[in-house]
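Written below as structure tokens is the structure these notes are about.
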Amino acid sequence: MNKVFMVLVLAGVPLSVIGTLMHWSSIILFIVYCLTIIALASFMGRATESLAIVAGPRIGGLLNATFGNAVELIISIFALKEGLIGVVLASLTGSVLGNLLLVAGLSFFIGGLKYKRQTFNVFDARHNSGLLMFGVIVAFVIPEIFSQTMPESKTLSFSVGISIILIVLYLAALLFKLVTHRGVYQTDDVSEGRHEEEEPEWGKGKAITVLLLATIAVAYVSENLVHTFESVGETFGWSELFIGVVIVAIVGNAAEHASAIIMAYKNKMDIAVEIAIGSTLQVAMFVAPLLVLISLMFPTAMPLVFTLPELITMVTAALLMIIISNDGETNWFEGATLLAAYLIMGIGFYLL
Amino acid sequence: MNKVFMVLVLAGVPLSVIGTLMHWSSIILFIVYCLTIIALASFMGRATESLAIVAGPRIGGLLNATFGNAVELIISIFALKEGLIGVVLASLTGSVLGNLLLVAGLSFFIGGLKYKRQTFNVFDARHNSGLLMFGVIVAFVIPEIFSQTMPESKTLSFSVGISIILIVLYLAALLFKLVTHRGVYQTDDVSEGRHEEEEPEWGKGKAITVLLLATIAVAYVSENLVHTFESVGETFGWSELFIGVVIVAIVGNAAEHASAIIMAYKNKMDIAVEIAIGSTLQVAMFVAPLLVLISLMFPTAMPLVFTLPELITMVTAALLMIIISNDGETNWFEGATLLAAYLIMGIGFYLL
Amino acid sequence: MNKVFMVLVLAGVPLSVIGTLMHWSSIILFIVYCLTIIALASFMGRATESLAIVAGPRIGGLLNATFGNAVELIISIFALKEGLIGVVLASLTGSVLGNLLLVAGLSFFIGGLKYKRQTFNVFDARHNSGLLMFGVIVAFVIPEIFSQTMPESKTLSFSVGISIILIVLYLAALLFKLVTHRGVYQTDDVSEGRHEEEEPEWGKGKAITVLLLATIAVAYVSENLVHTFESVGETFGWSELFIGVVIVAIVGNAAEHASAIIMAYKNKMDIAVEIAIGSTLQVAMFVAPLLVLISLMFPTAMPLVFTLPELITMVTAALLMIIISNDGETNWFEGATLLAAYLIMGIGFYLL
């Protein structure tokens, strides 16, 4: 399997560069870009896993979420620059839905096919539930409702205020997890100890190098991928909303998909959940508000006001994840439930 | 008590047939029908209990939910045939509210008057919570919101897609519960062992015969009952929505009411909860989507789009049950809370 | 610290009386009133704490919530008499938000700075979660939705019905907690035993006297405080809604703030939570419905229909608290999350 990805990268990256420069047909470029990103993501997954073994599950999960979302952040900044606020909000929605339902759903489902019951730290689950309720529900629903009876300029001020609060609380959450309460809620020392005996595939230096190179390549390919969306959408009859919410999310989160599923398959559910939910929280509490603040420097500022279908899908997805992850246990059926919810939302955005 | 029901059945069934043929006054027929159904339901309850002792709590609960909802399915198909989409959606809403709040509320309340604390399998409770969140909240709220900005034909396609997903996930839930994870979450072997020493009232053969005959009689009486609703509604000043949501639900779920309360009174909360919540899930994830698919064969197709009061009452009822059942424990006050919620919603539909 | 409050009371109460009679400038009166209330609240806190040591944590918490809300009830009745329905609904909203997010948030945060993990009775947490879901979500959301398709007279009838149900269930909750299930869920006899060895600061008689006198003084000052709101609002550019939701809540709940934080700082989280959540429940399930019923005696009756921003902030605040308090544990970060939610809502009401 690793050899297939190696071939795909060695062929895909040069093909992407050549194809882009030579203006090949959009459909062909679209396929080349997607395969290349997925192959690069597998390298990122392996590099992250090596680092995770060295650095422990939490830092490993954080690293992964960061590298996955760096790509999205870069793409979104380019889109904001061109005033495509609707596409940015749609791709943020897609990231939240993709991570919460598709990444977590596939992890729980595929992990659950191998293991009857998989567990993860129940304290982390509850900590994450509180943040999902805050980041996705409180911070996104309130501006939506208030903006209905507010002039536009106040909506923007409100969005800026909420964005600052979100980023401060996100940083406070890191402080809590990594400094003041580091290790306080670790109940599974024994099982963690067992994992840490594993040998990392790559050394620290090699893993970091691979991670950096792959991230740069993913960023380059992703940016070009965005330009193919318009003609691909026309060819397949996909709306811009559907492309933003579904296609960008699947391809853009390929790294998380790959590594979360690998972790679930290896029964390291702590890392799989950290990737899926941690990544969601990073999008909602860091990437989204940061984009609101960055948009102030561009001609069209972006308020934190989603469309109603975007908001309701995110809210119901968050509630579903809160209830399902509440007990710190997963099985294939919980994965199937998350995937079914994703499928319903995907069909909805396709028809919209 | 059993003798009273025996007399009611022996008098009620022939009186129902004679009264129907002789076109008695609607009010009298209404009362005869209701009492007959309640008496028949007590036989169904006893037959189900006998089967439950033979087959164990899970299969017993499933049997019960199935026989309870078969009646509703038949009535709804007749109503769909006549194009009464509003009545069908209202009676589905009423079934969800009736099972979640009235049946469970009475079980918890009456059981709680006898026992200070009653417990049921906490894993089942969490499994059910995930399904309530999916079946009632995700699958019902999303089409409501999306249909606001969709043409009618797409809303129907979306409803059909969601219906298929709901039925597939419902079948997957049965697979999970009865095959792949059968017995995996059983923590209370001891208490179950104690129950299973009980002697069933009737043998397997007699119980099945009684269950079948009673179901047929309930179906016959129920169908005639529906025709009395219009004039009863006029006499008492009840709207069609109130009749659909409250009256059909109470009479149509009499079987569940009776047996869930009997089980709660006997401290078999696993079965009582399985009847109340299992029945809700069957309505939301199997009966409702099946009716959407069946409606495609009739002149007027039924989309899965409820009115806002119907949707919001179902969503808040599901959230209330998720929170209350979360700990696998019940008491009289939790029952009273559910009943109070039912009362508020009943008054609302009465005034609407 | 206690001496500062003693000076503030000895100076503030006479100054409040003199200033009121001599019609000083509103801004000065506003500051005098606020400081006096906060100082009086510290006396109420100390008196309540003394009584709590004598009477045990539950009765102590109930006492505190009762005395805190007596003030609000009196102010609201004066406002209803003047037909200021919007202000009453806003101050009820502010009480719910203030207790759930500000009082609990400060308690969890400040308590959490001293102690890494603080625990409270998990059964109480779940009992409260069910009531929050019922009182804030079911009972407030349903009339909002139904009133959209109801004539005004029916909305009022519905509000009256819901109010009676809320009060009955609130009394049933007291019956449950203090009579039928008193001590049934006490798991922490040891830790409570440890607390009860403490000596109360004041005897029973002195504590009750201080509590009564302080309550009367707070009521007098609060009532005058209300009359300064209009000109203070003009001076600072605050809308009536902002004053109702934020200022009235902070000053009106000063007593709860003070004593909940004191209790959290002393690691008596059972009492701190009882004050914050118990007070919320008393406002939602007792004060609000009582005001609806009392309003029937005045020219303009008050239906239980909040504005959408009021409703959504209360619903999201209740959901956030349910998720955060679910495990019976708190830490500084959970406090920070609640405070961040309060800040977002406060900014929203300020801008509205």
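The values are calculated or read from the model by the stated rules, or taken from the named source; none is laboratory data. This one's a predicted model, so the numbers in the text were calculated from it and none came from an experiment. Counting neighbours? That spans all protein chains shown, and the Cβs are built from the backbone with ideal geometry, glycine included. What goes into the accessible areas is simple: the full protein's heavy atoms, side chains included, and nothing from ligands, DNA or RNA. Shrake-Rupley method; radii C 1.70, N 1.55, O 1.52, S 1.80 Å.
Before we move on, is A:Leu100 more than 14 Å from chain C (Cβ to nearest Cβ) and in a helix (DSSP H, G or I)?
Values: more than 14 Å from chain C (Cβ to nearest Cβ): yes; in a helix (DSSP H, G or I): yes.
The answer is yes for A:Leu100.
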(message) Can you find, within region B:335-345, the residue that is nearest to the other protein chains (Cβ to nearest Cβ) among those that are more than 17 Å from C:Leu304 (Cα to Cα) and either within 18 Å of the chain's Cα centre (by Cα) or not aliphatic (A, V, I, L, M) (or both)?
(response) B:Thr337
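Among the residues of region C:275-291, are any over 20 Å from C:Met314 (Cα atoms) and at pLDDT below 85? Full working, then the answer.
Initially, region C:275-291 is screened for residues over 20 Å from C:Met314 (Cα atoms), giving none.
Checked against the condition, which is being over 20 Å from C:Met314 (Cα atoms) and at pLDDT below 85, region C:275-291 yields no hits at all.
Give the residue, chosen from A:Ile110, A:Ile145, A:Ile137, that is within 19 Å of the chain's Cα centre (by Cα) and at the interface with another protein chain (Cβ under 7 Å from one of its Cβ atoms). Even if it seems obvious, please write down each step before you answer.
Working: A:Ile110 fails: at the interface with another protein chain (Cβ under 7 Å from one of its Cβ atoms); A:Ile145 fails: within 19 Å of the chain's Cα centre (by Cα).
Every option except A:Ile137 fails the conditions.
If I ask for residues that are among the polar types (S, T, N, Q) and more than 14 Å from chain B (Cβ to nearest Cβ), which ones from region C:113-122 would you list? Steps first, answer last, please.
Of all residues in region C:113-122, those among the polar types (S, T, N, Q) come to C:118-119, C:121.
Within region C:113-122, C:Gln118, C:Thr119 qualify.
Kindly state which helices (runs of 4 or more DSSP H) lie completely within region C:147-246 and contain at least 2 residues that are at pLDDT 90 or above.
Working: elements: C:152-175, C:189-196, C:204-236.
In region C:147-246, C:152-175, C:204-236 are the helices (runs of 4 or more DSSP H) which contain 2 or more residues that are at pLDDT 90 or above.
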(message) Step by step: first the residues of region B:91-110, then only those that are open to solvent by less than 10 Å² (accessible area, probe 1.4 Å), among the hydroxyl-bearing types (Ser, Thr, Tyr) and under 22 Å from B:Glu240 (Cβ atoms), then the one that is modelled with the highest pLDDT. Which residue is that?
(response) B:Thr93
(message) Which condition from (1) of a type in the set (A, V, I, L, M); (2) open to solvent by less than 10 Å² (accessible area, probe 1.4 Å); (3) touching an Asp or Glu at 6+ places or on another chain (Cβ under 8 Å) is the one that C:Met133 breaks?
(response) (3)
(request) With respect to B:Ala317, determine if the residue is at pLDDT 90 or above, within 14 Å of another protein chain (Cβ to nearest Cβ) and touching a Gly at 6+ places or on another chain (Cβ under 8 Å). (result) no
(request) Name, by its number, the condition in (1) in a helix (DSSP H, G or I); (2) open to solvent by 10 Å² or more (accessible area, probe 1.4 Å) that does not hold for A:Phe298. (result) (1)
(request) Kindly list the number of the only condition in (1) more than 9 Å from chain C (Cβ to nearest Cβ); (2) in contact (Cβ under 8 Å) with a residue 40 or more places away in the chain; (3) open to solvent by 10 Å² or more (accessible area, probe 1.4 Å) that fails for A:Ala125. (result) (3)
(request) Would you be able to say whether some residue in region A:243-253 is under 19 Å from the mean Cα position of the chain (by Cα), closer than 28 Å to A:Arg117 by Cβ and buried (at least 24 other Cβ atoms within 10 Å of the Cβ)? (result) yes
(request) Please find, among A:Ala272, A:Ala260, the residue that is closer than 16 Å to A:Leu339 by Cα, at pLDDT 85 or above and either open to solvent by less than 20 Å² (accessible area, probe 1.4 Å) or in contact with a strand residue (DSSP E or B) (Cβ under 7 Å, 6 or more places away or on another chain) (or both). (result) A:Ala272
(request) Please name all residue pairs, on different chains or six or more residues apart, with Cβ atoms under 9 Å, provided the first residue is in region C:1-21 and is within 21 Å of C:Asn224 (Cβ to Cβ) and the second residue is of a type in the set (D, E, K, R) and surrounded by 13 or more Cβ atoms within 10 Å (Cβ to Cβ). (result) C:Phe5/C:Arg46
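Suppose we filter C:Leu308, C:Leu290 for residues that are open to solvent by 30 Å² or more (accessible area, probe 1.4 Å) and touching an Asp or Glu at 6+ places or on another chain (Cβ under 8 Å); which single one remains? Give the steps one after another, and end with the answer.
Numbers: C:Leu290 fails: touching an Asp or Glu at 6+ places or on another chain (Cβ under 8 Å).
Of C:Leu308, C:Leu290, the one residue that is open to solvent by 30 Å² or more (accessible area, probe 1.4 Å) and touching an Asp or Glu at 6+ places or on another chain (Cβ under 8 Å) is C:Leu308.
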(request) For region A:148-168, name all the residues that are open to solvent by 10 Å² or more (accessible area, probe 1.4 Å), facing chain C (nearest Cβ under 7 Å) and in contact (Cβ under 8 Å) with a residue 24 or more places away in the chain. (result) A:Ile165
(request) Say whether the condition of being outside any helix (DSSP H, G or I) and not aliphatic (A, V, I, L, M) is met by at least one residue in region C:342-349. (result) no
(request) Please indicate, with yes or no, whether at least one residue in region A:275-285 is more than 14 Å from every other protein chain (Cβ to nearest Cβ) and farther than 30 Å from B:Ile322 by Cβ. (result) no
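To keep it simple, each residue is scored yes or no on (1) modelled with pLDDT of 80 or more; (2) surrounded by 18 or more Cβ atoms within 10 Å (Cβ to Cβ); (3) not in a helix (DSSP H, G or I).
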| residue | (1), (2), (3) |
| --- | --- |
| B:Phe5 | yes, yes, no |
| B:Val13 | yes, yes, no |
| B:Thr20 | yes, yes, no |
| B:Val32 | yes, yes, no |
| B:Ala41 | no, yes, no |
| B:Gly83 | yes, no, yes |
(request) Kindly indicate the residue of region B:341-352 that is open to solvent by less than 10 Å² (accessible area, probe 1.4 Å) and of a type in the set (Gly, Ala, Ser) and also farthest from C:Val160 (Cα to Cα) among those meeting that condition. (result) B:Ala341
(request) Among the residues of region C:321-338, count how many are out of contact with any Leu (no Cβ under 7 Å at 6 or more places or on another chain) and surrounded by fewer than 22 Cβ atoms within 10 Å (Cβ to Cβ). (result) 4
(message) Against the conditions (1) in a helix (DSSP H, G or I); (2) more than 7 Å from chain C (Cβ to nearest Cβ), where does B:Val305 fall short? Just the number, please.
(response) (1)
